[in-house]
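The values are calculated or read from the model by the stated rules, or taken from the named source; none is laboratory data. Keep in mind it's a predicted model, so treat the numbers as computed, not measured. For neighbour counting, all protein chains shown are included, and Cβ atoms are generated from backbone atoms with ideal geometry for every residue, glycine included. The protein model used for the area step is the full one, side chains on, heavy atoms only, and it has no ligands, DNA or RNA in it. Shrake-Rupley method; radii C 1.70, N 1.55, O 1.52, S 1.80 Å.
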Amino acid sequence: MPSLKEIKTRIASVNSTRKITSAMKMVASSKLHKAQQMIENMLPYEDLLEHILKSFLVSTPNTGTPFETERKTIRRVALIVYASNSSLCGGFNANILRLMQQTIDDYRQQGVEEIVVYPIGRKVEERVAKLGLPMAGSFIELAEKPNVSQCQDIAHDIALKFLDGEFDKVEMIYHHFKSAGAQILTRKTFLPIDLSTELEYDDERDLSSNITTARAQEYLRKKQRDEERKVIEANPLNDDFIVEPDLKTVLSTLIPKQLHLMFYTALLDSNASEHAARMVAMQTATDNADELLRELNLQFNKSRQQAITNELLDIVGGTVNN
């Protein structure tokens, strides 16, 4: 059995660790709230633009835009992979890297050897360097501080390379943020534009709560559905479009905006998911520290009581001998 001094030293160590994990949980919660606000401010515009663009492309035959044309033979692929710069966020990075590896293996089985990665985050960049894959650049700062103009430049560069034939297909790998307790690992086609996602579009999100328990999340979803039933439903968009000044001008304006917003939305989703994953991981670590402290305090009290009992027995034994 460890001595009282050893137990006290371990209690102090666990207490110190608990303070750190508790502080990191509060910091992650604060950052998550800011990330949720950024998504909430941008999401209505992005959703409506995507709906308008895809409805327009579906309802207008023979648009002739090269952004929606699938290549018959896929030889060159680009992957946009979103992760974080730091760890201590549970399985957030490990899941992303695992899906990236599966995607690379899938393409190699199809005979695709030229795979270029856009690594958003230090963890992805380090893994891609180990794999020896070509990288399109370093975007470590972007993972920490989402920047609209930089996202626009990267999306524009990818679109130009797709048009020039340098890429036959572009995919994004990231965590789709649904709530503080649910982040969905997503593999999504960036180019060519996937029109089928308009019919099955699901963007249910909880951007107002940091609660991570399943029961609380289910309650919030039911409450949100009840509130939505009370609101008068908006009329669907009219698919009979009148194009001014001409089709080419409209598409050349809308499509780059949509690609930029897709890139930026995925970055915000990944950023919020990272903070949510870190908040959950630090909360779990704090709970484990509390449980360990409870056991150590119990062990300390038992050891102290045993030491007192032994001293009393020694005193009584000495008195009897005298």
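Any residue at all in region 31-48 that is among the polar types (S, T, N, Q), more than 14 Å from residue 292 (Cα to Cα) and surrounded by 12 or more Cβ atoms within 10 Å (Cβ to Cβ)? Scanning region 31-48, I find at least one residue that is among the polar types (S, T, N, Q), more than 14 Å from residue 292 (Cα to Cα) and surrounded by 12 or more Cβ atoms within 10 Å (Cβ to Cβ), so the answer is yes. Taking region 49-161 as the region of interest, the helices (runs of 4 or more DSSP H) fully inside it that hold 3 or more residues being free of Cβ contacts under 8 Å to residues at least 40 places away in the same chain are 92-109, 122-131.
Table: residues versus (1) at pLDDT 95 or above; (2) in contact with a helix residue (DSSP H, G or I) (Cβ under 8 Å, 6 or more places away or on another chain); (3) within 19 Å of residue 277 (Cα to Cα).
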| site | (1), (2), (3) |
| --- | --- |
| 39 | no, yes, yes |
| 44 | no, no, no |
| 55 | no, yes, no |
| 60 | no, yes, no |
| 70 | no, no, no |
| 73 | no, no, no |
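Looking at region 277-299, can you tell me whether even one residue there is touching a Phe, Trp or Tyr at 6+ places or on another chain (Cβ under 7 Å) and assigned to a helix (DSSP H, G or I)? So far as region 277-299 goes, yes, one or more of its residues are touching a Phe, Trp or Tyr at 6+ places or on another chain (Cβ under 7 Å) and assigned to a helix (DSSP H, G or I).
Considering every residue within region 143-158, establish whether at least one is under 24 Å from residue 29 (Cα atoms) and touching a Gly at 6+ places or on another chain (Cβ under 8 Å). Yes - at least one qualifying residue is present in region 143-158. In region 137-170, what residues are crowded, with 19+ Cβ neighbours inside 10 Å and charged (D, E, K, R)? Scanning region 137-170 gives 168, 169. Residues of region 118-141 that are among the aliphatic types (A, V, I, L, M) and over 14 Å from residue 172 (Cβ atoms): 128, 129, 131, 133, 135, 140. Taking the criterion of being of a type in the set (Gly, Ala, Ser) and either within 21 Å of residue 194 (Cα to Cα) or open to solvent by less than 10 Å² (accessible area, probe 1.4 Å) (or both), the residues of region 244-288 that qualify are 252, 266, 270, 272, 273, 276. Of 13, 3, 55, all but one fail to be more than 26 Å from the chain's Cα centre (by Cα) and open to solvent by less than 50 Å² (accessible area, probe 1.4 Å); the exception is 55.
Being small (Gly, Ala, Ser) and exposed (fewer than 15 other Cβ atoms within 10 Å of the Cβ) is the filter here, so list the residues in region 88-113 that pass it.
Matches in region 88-113: 91, 94, 111.
Is it true that residue 85 is open to solvent by 60 Å² or more (accessible area, probe 1.4 Å) and within 20 Å of residue 267 (Cα to Cα)? No, not satisfied.
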